[in-house]
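One structure is given below, encoded as structure tokens.
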Amino acid sequence: MKEVFQISSKIVTCYFDEAFNEVQTLYPDTTIIYVTDENIIEAHADKFQSQQVIVVKAGEKFKQQSTVDYIVEQLIILKADRQTLLVGVGGGVVTDITGYTASVYMRGIRFGFVPTTILAMVDAAIGGKNGVDVGIYKNLVGCIKQPDFLIYDYIFLQTLPKEEWINGFAEIIKHAAIKDADLFSTLQKNSIENYRSSIQALNELIRQNVKIKMTVVAEDEFEKGDRKLLNFGHTLGHAIENIYLLPHGSAISIGMAAAAKLSNEMNDFSSENFYDLKKLLQQYHLPVQKEVDAGKIWEVLLMDKKKLGDGIQFVVLDKIGQAKTITLPTSTLELFFKNYFKSGETLTT
Ligand code: ADP
Ligand code: ZN
């Protein structure tokens, strides 16, 4: 099934539940070069037979300029030119780096994605943010450029480790919390196990989430307004992720639980809704609390780029399915976080 989204003047086409090698039918008479990582090529070698493939090392550690340089060297060897189509097949690391390399190679060639993790399918591969980390600084260098297409081939998910499924569901729950109360109740009635065993249910879920993110991005490609809501749980989440090296999904889950509590204390978000959100995160095997060094977290959080004058911009919930950004005095937020982590309050459900 095909769905088309327009982001500024760019048309992005999504093919849901489609075979990955349909790219060749969609782009006849085109030189296609795939970029993937070593885990994916190992698990799915048969799908890449007689194709031109550039294989990079797996993991965030390799989302660095040196990997871009490597891909560029390979593109030169493969005689890639302005007509070449670059297709990133992988998780968020592969899609980010493919989009970035394609955007700068010969000042920009066409590219598309075949996301192979839940996280990339609903989040990382959507929205056109491409780039690399520089040392410890995540996504410091990059660009915003939309892909021509995304192909959703669920066959890849058969080899996706369980932890990666869990990781991706954190972003799905985030979408429901900030934008879609109906999706939230659908998730309450389901489980990762259900979605793993039903392609139909999974396809529906992915489609809904793609639509949520595409719609937000279409309205605010350069993150001046509504796109900021997608950072729900991420300010604290990123700090925890960086210090404790947790998976992204786990870190933002803890971040969302804290942000929900803050919404309860400083906005109209009800206690009942707060518990519903925490319960849902746990239902999807995500952590909602961690013993942390609150002082250290606070330090890292302060360095976060969302800092604004004397206040810090923070995404809070009004209710399930509705969010907004508020600016809180730095001292208020500091007090909240230090108390929140000291009290261990969120351990109870
Ligand atoms: P993200 O979680 O941002 O999507 P990655 O690109 O780092 O990020 O992917 C997470 C890990 O899962 C990597 O080690 C990658 O090689 C692996 N991986 C991605 N897709 C699959 C898949 N379909 N089957 C098995 N392993 C996969
Ligand atoms: Zn995220």
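Averaging over every viewing direction, what projected area does the convex hull of the Cα atoms of the stretch 124-194 cover, in nm²?
Mean projected area of the Cα convex hull: 6.8 nm².
Please go through the residue pairs Lys228/Lys338; Lys162/Lys224; Lys57/Lys174 and name each one whose alpha carbons sit more than 26 Å apart in this structure. Present the calculation step by step, with values, prior to reporting the outcome.
Details: Lys228/Lys338 24 Å; Lys162/Lys224 35 Å; Lys57/Lys174 29 Å.
Over 26 Å apart, Cα to Cα: Lys162/Lys224; Lys57/Lys174.
Once amide H atoms are placed 1.01 Å from N in the peptide plane, what residues at a sequence separation of 5 or more from Ile312, or on another chain, have their amide H within under 5 Å of its amide H?
Leu328, Thr330
Find the Rg to Rh ratio for the stretch 176-248, where Rh is the Kirkwood radius over alpha-carbon pairs and Rg uses the same atoms.
Numbers: Rg = 14.7 Å, Rh = 14.2 Å.
Value, to two decimals: 1.04.
Between beta-carbons, use under 15 Å as the cut-off and find the net charge around Lys189, counting Lys and Arg +1, Asp and Glu -1.
Taking every Cβ under 15 Å from that of Lys189, the sum is -4.
Work out, in µm²/s and without decimals, the Stokes-Einstein translational diffusion coefficient of the stretch 1-93 at 20 °C, 1.002 mPa s, Rh from Kirkwood over C-alpha pairs.
In µm²/s, the coefficient is 145.
Quick check on the stretch 208-342: what are the equivalent-ellipsoid semi-axes from the Cα gyration tensor, as sqrt(5λ), descending, whole Å?
21, 18, 16
Show Met266, Met303, Met256 ordered by accessible area, largest first, where the area counts protein heavy atoms only and the probe is 1.4 Å.
Working: Met266 70, Met303 145, Met256 0 Å².
I get Met303, Met266, Met256, largest accessible area first.
Provide the packing ranking of 4-12, 318-326, i.e. peptides ordered by the mean count of other C-beta atoms within 10 Å per residue, highest first.
Details: 4-12: 13.6, 318-326: 17.2.
Those peptides, ordered most packed to least, come out 318-326, 4-12.
Where does each of 117-128, 240-251 land if you order them by average Cβ count within 10 Å, highest first?
117-128, 240-251
Give the aspartates and glutamates reachable from Lys278 as a straight Cα distance under 18 Å; neighbours fewer than 8 places away on the same chain don't count.
Answer for Lys278, where 18 Å is the Cα cut-off: Glu171, Asp180, Asp182, Glu265, Asp268, Glu291, Asp318, Glu345, listed by chain and number.
What's the percent breakdown of Cα-Cα distances in the chain across 10 Å bins, shortest bin first?
Per 10 Å bin, starting at 0, the Cα pair percentages come out as 5, 26, 34, 24, 10, 2, 0.
Take every DSSP beta bridge whose two residues both sit in the stretch 34-154, then give the antiparallel share in percent to the nearest 5. List each step's numbers first, then the result.
Working: 5 of 20 bridges.
Bridges in the stretch 34-154 that DSSP calls antiparallel: roughly 25 percent.
Cut-off 10 angstrom, C-alpha nodes, Gaussian network model of the chain. Which of Thr98, Thr30, Thr235 fluctuates the most?
Of Thr98, Thr30, Thr235, the most mobile in the Gaussian network model is Thr30.
Considering only protein heavy atoms, with the full assembly of protein chains and a 1.4 angstrom probe, order Tyr15, Tyr195, Tyr137 by accessible area, largest first.
Working: Tyr15 35, Tyr195 10, Tyr137 135 Å².
From most accessible down to least: Tyr137, Tyr15, Tyr195.
At 0.36 nm per residue, minus the direct Cα-Cα distance, what do Ile155 and Ser191 gain on full extension? Give it in nm, one decimal, please. Before the final figure, lay out the partial values.
Numbers: separation 36, 0.36 × 36 = 12.96 nm, distance 1.94 nm.
Extra length available between Ile155 and Ser191 comes to 11.0 nm.
At 222 nm, what helix-only mean residue ellipticity would the chain give, in deg cm²/dmol to the nearest 500, using -39500 (n - 2.57) for each DSSP H run of four or more?
-14000 deg cm²/dmol
With a 1.4 Å probe and every protein chain left in place, work out the accessible area per residue of the chain in Å², rounded to a whole number. If you can, show how the numbers build up before the last one.
Working: 15250 Å² over 349 residues.
Per-residue accessible area for the chain comes out at 44 Å².
Could you sort His175, His285 by accessible area so the largest value comes first, with the probe set to 1.4 Å?
The ordering from most to least exposed comes out as His285, His175.
Measuring from centroid to centroid over Cα atoms, what is the spacing of the stretch 225-291 and the stretch 114-142 in Å?
Cα centroid to Cα centroid, the span is 20 Å.
For the ranges 107-114, 287-294, what's the packing order if you count other beta-carbon atoms within 10 Å of each residue, average per peptide, and put the highest first?
Result, highest mean Cβ count within 10 Å first: 107-114, 287-294.
The values are calculated or read from the model by the stated rules, or taken from the named source; none is laboratory data. What you see is a predicted model, and the numbers here were worked out from it, not measured in a lab. Every residue, glycine among them, receives a Cβ derived from its backbone with ideal geometry; neighbour counts consider all protein chains shown. Keep in mind that these areas ignore ligands, DNA and RNA; they rest on the heavy atoms of the full protein, side chains included. Shrake-Rupley method; radii C 1.70, N 1.55, O 1.52, S 1.80 Å.
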